[in-house]
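Bear in mind that the values in this text are calculations on the coordinates, not laboratory data. Just so it is clear, the model here is predicted, and its values are computed rather than measured. Counting neighbours? That spans all protein chains shown, and the Cβs are built from the backbone with ideal geometry, glycine included.
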Amino acid sequence: MNLCRSLRYNQSTKGFSLIEMVVGIGISAVIVGVLAVTLAGSLKAVSNIRNRKEISLKGQVAVSQFLREFKMLGIGSSILTATASELEFTNRWGKTLDYTLSGGSFYRKENSGPNSVLCDSVVTAASCFAYWDSNRVALTSFPLSQSDRDNVWWVLLTLDLRYHGQTIRYVENVFPENRKFSIIE
């Protein structure tokens, strides 16, 4: 008989009841759910930052190359083509450079060679070249005539880039080195 009593459930033993276990699992599930939502939000933010950084770097490299090369515009009738989506010019070393906004990309072509993509993901409807003369009058009759091309004193490049729902706009003014003028009157 003593053997049967020792096999019975001993009530003085420490343990959890079924209700305590279900409540504990429920609380744990809520905590894990909150942490999962927080972690997912953090990962999305990191992904957005990475995408924005990538598109920003692409745009910055493309714009700086254009600015650097257009500043070295040749003397005289150096601008060969000037429209809202294309700018072709000869630099002071005789290289013909053609920058084009077309088909969602920003292209550069050197001396009639193949187009190289400076930047893709370009919103071409919102990106353009704009031109002004020395009197700060916008030159808007595209393509620009020879006399207007000879009078271009400054170019404004607007470049809109879209990547994974992120949009970045670059707006850059460039004055050719050989056509600098004082804005102080």
Can you sort 49, 19, 168 from fewest to most other Cβ atoms within 10 Å of each residue's own Cβ?
19, 49, 168
Rounded, prolate or oblate for region 26-179? Axes are the square roots of the Cα gyration tensor eigenvalues, ordered a ≥ b ≥ c, and the cut-off for rounded is a/c under 1.5.
prolate
Got a sec? Charge dipole of the chain, +1 on Cβ for Lys and Arg, -1 for Asp and Glu; which of 140, 119, 176 is way out at the positive end?
119
Going from the fewest other Cβ atoms within 10 Å to the most, one would list 119, 128 as 128, 119
Can you tell which of 55, 79, 25 shows the greatest fluctuation in a Gaussian network model of the chain with Cα springs below 10 Å?
25
Once every DSSP H run of n ≥ 4 in the chain is given -39500 (n - 2.57) and the sum is divided by its residues, what mean residue ellipticity at 222 nm do you get, rounded to the nearest 500 deg cm²/dmol?
-12000 deg cm²/dmol
Taking K and R as +1 and D and E as -1, what net charge do the other residues with C-beta under 13 Å from the C-beta of residue 86 add up to?
+1
Can you tell me the 0 to 90 degree angle between the C-alpha axis of helix 18-71 and the longest principal axis of the chain, rounded to 10?
10 degrees
Excluding residue 139 itself, calculate the net charge of residues whose Cβ lies under 10 Å from the Cβ of residue 139, where each Lys or Arg counts +1 and each Asp or Glu counts -1.
-1
